[in-house]
Amino acid sequence: MISCLKVKDALVQFETALSLDPNPVEAQAALYNKACCHAYQGEAKKAAECLRTALRDYNLKFGTILNDPDLASLRASPEFKELQEEARLGGEDIGYSFRRDLKLISEVQAPFRGVRRFFYVAFSAAAGISLLFTVPRLFRAIKGGDGAPDIWETVGNAGINIGGIIVLVALFFWDNKKEEEQLAQISRNETLSRLPLRLSTNRIVELVQLRDTVRPVILAGKKESVSSALQKAERFRTELLRRGVLLVPVIWGEGRTPQVEKKGFGVSKKAATALPSIGEDFEKRAQSITAKSKLKAEIRFKAEVISLEEWERWIRDQQESEGVTPGEDVYIILRLDGRVRRSGKGMPDWSQIVQELPPMEALLSKLER
């Protein structure tokens, strides 16, 4: 994370680097880091313009922008939505890396799915080949005569092969369905981790940056219901804070969708197709202990959602996956690792949550991380 005191100096240096006729790699690096500086200062428009140039002229990969915590505040802005739409219209598959990551996570969670599918296909093929040899025998058995095979034995063999094929094909499609459900759940978890919040210090972060630090409790519903739940939570404030609870109110219908002018990047003469993306190594970058401690100090009891329409979309998807009518009042409690712990209709019983959640210093909380 860029130090606040050095941001202005860094901007001057990057601007100087761009004025010295840099090669494509240096220009991409300077523009990208300049965008990070502007995002840190809350200058979304300037940050988006730097990234637009890097994407259009120097082959910056959009997946880099999606994964860099330094650009969290930018991703919560209308300027980012416009930039994202331009990248899509310009022909970039901005969802490729996301889908690839989902596949990798799915394979980790179900490591033997590929092996099972291989056996389904192999055994189905073996049963099919056996059935091809059995059918002529069945005709001879039905016709009868000298040397004809036993009809009941042949019918039994054919039945076993047909039954085996049916069962194996059914298992194959069942496994595919389970994979789709798993990918949908992983996708919801990953989308949730990217949803932005504004802390009490006015700093914008994504939920993924709060992992291991707080247990967000999302309160979604009508304004009266959410306001009442927040008032009741104040009576348990001390105990809830001991358990790392961060209240995230989401009031239905208060989101606004920014108007986006549709214009793609097109093809630039400067674009270098083989040019590596300067940010690709940033995807695995973790925050330093100092930055993590500073973030923890900024967290209070309640946070404000940014990009409300994205929060509503995620909550409605979660409701549909759990068989709840979209738009009902619901609460969703997250674990320290960012996954959904449990959810329910209406607003939560805070006394029950105090009993359910262990304090942050407890062993169970450490195991939850």
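The values are calculated or read from the model by the stated rules, or taken from the named source; none is laboratory data. Everything numeric here is computed off the predicted structure, so don't read it as measured data. Quick reminder, even Gly has a Cβ in these numbers, built from the backbone with ideal geometry, and neighbours come from all protein chains shown. These accessible areas exclude ligands, DNA and RNA; they are computed on the full protein's heavy atoms, side chains included. Shrake-Rupley method; radii C 1.70, N 1.55, O 1.52, S 1.80 Å.
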Inset, instruction - Output yes when any residue across region 164-177 is in the same structural domain as V305 (by the TED database), surrounded by fewer than 19 Cβ atoms within 10 Å (Cβ to Cβ) and of a type in the set (S, T, N, Q), and no when none is. - result: no
Inset, instruction - Check whether at least one residue in region 243-254 is at pLDDT below 85 and surrounded by fewer than 19 Cβ atoms within 10 Å (Cβ to Cβ), and report yes or no. - result: yes
Legend entry - Single residue of region 1-58 satisfying the filter (touching a Ser or Thr at 6+ places or on another chain (Cβ under 7 Å) and among the hydrophobic types (A, V, I, L, M, F, W, C)) that is modelled with the highest pLDDT: L31
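Show me the helices (runs of 4 or more DSSP H) found entirely inside region 21-79 where at least 1 residues are under 25 Å from the mean Cα position of the chain (by Cα) and more than 22 Å from E310 (Cα to Cα). First the steps, then the outcome.
On the way: elements: 24-40, 44-57, 62-67, 72-75.
Correct list: 24-40, 44-57.
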Legend entry - Pick from region 122-160, criterion open to solvent by 100 Å² or more (accessible area, probe 1.4 Å) and of a type in the set (V, I, T), ranking: farthest from L171 (Cα to Cα): I142
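Listed residues N202, N176, N161, N189; which is at positive phi and of a type in the set (S, T, N, Q)?
Details: N176 fails: at positive phi; N161 fails: at positive phi; N189 fails: at positive phi.
The unique qualifying residue is N202.
Conditions tested, residue by residue: (1) more than 30 Å from D337 (Cβ to Cβ); (2) of a type outside the set (S, T, N, Q); (3) part of a helix (DSSP H, G or I); (4) without any contact (Cβ under 8 Å) to a residue 60 or more places away in the chain.
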{"site": "N157", "(1), (2), (3), (4)": "yes, no, yes, yes"}
{"site": "G163", "(1), (2), (3), (4)": "yes, yes, yes, yes"}
{"site": "F172", "(1), (2), (3), (4)": "yes, yes, yes, yes"}
{"site": "Q185", "(1), (2), (3), (4)": "no, no, yes, no"}
{"site": "V205", "(1), (2), (3), (4)": "no, yes, no, no"}
{"site": "T213", "(1), (2), (3), (4)": "no, no, no, no"}
{"site": "P216", "(1), (2), (3), (4)": "no, yes, no, no"}
{"site": "S227", "(1), (2), (3), (4)": "no, no, yes, yes"}
